[in-house]
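Inspection log for the structure reproduced underneath, given as structure tokens.
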């Protein structure tokens, strides 16, 4: 553990040297990072396949491709985003000029999860580099192959005092030790439970945090939705990465008038995309661990099996599964599923769903399928969630032009694109005054100045 303390100290000193603040230095290292990813593409895809059974296509579009987009926009925009901003200055402080300077925090700590083990480490790293920080990285110990590869790529090509991966196979004791260190920013992606621990630890030293968490993201299909298109897009979003996606549709609310037709179409889409024997599909990933398979399999008894339900602990496999007639007070009603099990509820009036959504924790994502513009606006204006996709699932996360993050229990802060730069930058307020004159109002003796001030400040 002393090694961690030494690394933090080295990074603190390196940051104070001012090297990381140089814009060209940041751009050069972003280009270097992109080159290293390019050189290791096949190895990265192989690691993702070993850890999660991801196909090369899924691994590329959801991990490597998204990272490329983040790097490209950061390199393209960093000079613009880094410039000081001129803002208005009050006449009360004439002569003066006001600015906002963007400065790095210093040493950032990034803690990543197992489900997208490459993308969810590299994307925040790009923001941290772009903003001019030093970075300590702790990947997930569960995604063994990808985490070890990240350690190799980073530690063999960047100075320890600049960017360092520490103890990738270390568990909660390593994370706990890292959270005791005097870092300047913490970026955590993971469960709500651990997120609360991170925030509690950070609060003791008032370290700012970004928490990318999760929750029960609703998927609502109204009676006027395009059934075939909705089923296609929902099947893809729900069973992407075998449901191990923080923004995956957690549960389905479908209007009672179309429920039977929609579920029939949803099954057709599952089998169209993944085949009737999903275990044999090269495009259907695996669950990260046997422990997770056991946890997920407990949900199968909490409703009536409509489709799927095949489980193999040894192969870390659960088939795409649909549950109906969910039992009251079931765990599946309260806990984020984070797997390929899809509980279904029917509704008669949209207000019923709004009540359900609004009386639980605020979700990370919400999905609504409808062709009615008025109802779409009603849903958007009467629910709170980290993000929303209308008539599709998940893809709002992939836009580098949209901030991605949670609200309430689903997270604090956001990133992607400019939001990443802003997250890892402190906006420093600066007021510069001229000295050729001074308005006398604020200086004693005050005498009858109050009347004059009231006329100005009213």
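The values are calculated or read from the model by the stated rules, or taken from the named source; none is laboratory data. As the structure is a computational prediction, the values presented were derived from the model and not from experiment. Virtual Cβ from ideal backbone geometry, glycine too; neighbours counted across all protein chains shown.
Restricted to segment 188-292, the set of helices (runs of 4 or more DSSP H) holding at least 2 residues that are outside the structural domain of residue 63 (by TED's automatic domain parsing) and either touching a strand residue (DSSP E or B) at 6+ places or on another chain (Cβ under 6 Å) or under 22 Å from residue 305 (Cβ atoms) (or both) comprises 227-239, 259-274.
Entry remark, segment 293-324: residues being under 18 Å from residue 245 (Cα atoms) and part of a loop (DSSP other than H, G, I, E, B) number 3 in total. Confirm whether residue 210 is under 15 Å from the mean Cα position of the chain (by Cα) and over 26 Å from residue 299 (Cβ atoms). Criteria met by residue 210.
Kindly check whether there is at least one residue in segment 252-273 that is at pLDDT 95 or above and within 23 Å of the chain's Cα centre (by Cα). Yes.
Restricting 29, 3 to those that are loosely packed, with under 13 Cβ neighbours inside 10 Å and either part of a helix (DSSP H, G or I) or not assigned by TED's automatic domain parsing to the domain that holds residue 155 (or both) reduces the list to 3. Just one of the listed residues (234, 270, 227) is buried (at least 24 other Cβ atoms within 10 Å of the Cβ) and in contact with a helix residue (DSSP H, G or I) (Cβ under 6 Å, 6 or more places away or on another chain), and it is 270. Within segment 32-54, restricting attention to residues that are over 26 Å from residue 279 (Cβ atoms) and under 23 Å from the mean Cα position of the chain (by Cα), which residue is surrounded by the fewest Cβ atoms within 10 Å (Cβ to Cβ)? Looking at the filtered set, the residue picked out is 41.
Going through segment 371-391 one residue at a time, which ones are on the phi < 0 side of the Ramachandran plot and either part of a loop (DSSP other than H, G, I, E, B) or not assigned by TED's automatic domain parsing to the domain that holds residue 248 (or both)?
371, 372, 382, 383, 384, 385, 386
Residues that are buried (at least 19 other Cβ atoms within 10 Å of the Cβ) and within 21 Å of residue 110 (Cβ to Cβ) within segment 388-399 comprise just one, 397. Here segment 138-159 is the region considered, the condition is being buried (at least 18 other Cβ atoms within 10 Å of the Cβ) and assigned to a loop (DSSP other than H, G, I, E, B), and the residue that is farthest from the chain's Cα centre (by Cα) is 158. Applying the set (1) surrounded by 15 or more Cβ atoms within 10 Å (Cβ to Cβ); (2) closer than 28 Å to residue 329 by Cα to residue 256 leaves exactly one unmet item: (1). Has segment 345-362 got any residue that is in contact with a helix residue (DSSP H, G or I) (Cβ under 7 Å, 6 or more places away or on another chain) and under 30 Å from residue 55 (Cα atoms)? No: segment 345-362 contains no residue that is in contact with a helix residue (DSSP H, G or I) (Cβ under 7 Å, 6 or more places away or on another chain) and under 30 Å from residue 55 (Cα atoms).
Contact annotation: no residue pair with Cβ atoms under 8 Å, 6 or more positions apart or on different chains, pairs a residue in segment 1-24 that is in contact (Cβ under 8 Å) with a residue 24 or more places away in the chain with a partner that is loosely packed, with under 11 Cβ neighbours inside 10 Å and not in a helix (DSSP H, G or I). Among the residues here, residue 377 qualifies as modelled with pLDDT of 95 or more, surrounded by fewer than 20 Cβ atoms within 10 Å (Cβ to Cβ) and farther than 22 Å from residue 263 by Cβ. The condition (being part of a helix (DSSP H, G or I), closer than 21 Å to residue 426 by Cβ and modelled with pLDDT of 95 or more) is satisfied by just one residue among 49, 38, 79, 34: 79. In the set 58, 41, only one residue is without any contact (Cβ under 8 Å) to a residue 24 or more places away in the chain, closer than 23 Å to residue 145 by Cβ and touching a helix residue (DSSP H, G or I) at 6+ places or on another chain (Cβ under 9 Å); that residue is 41.
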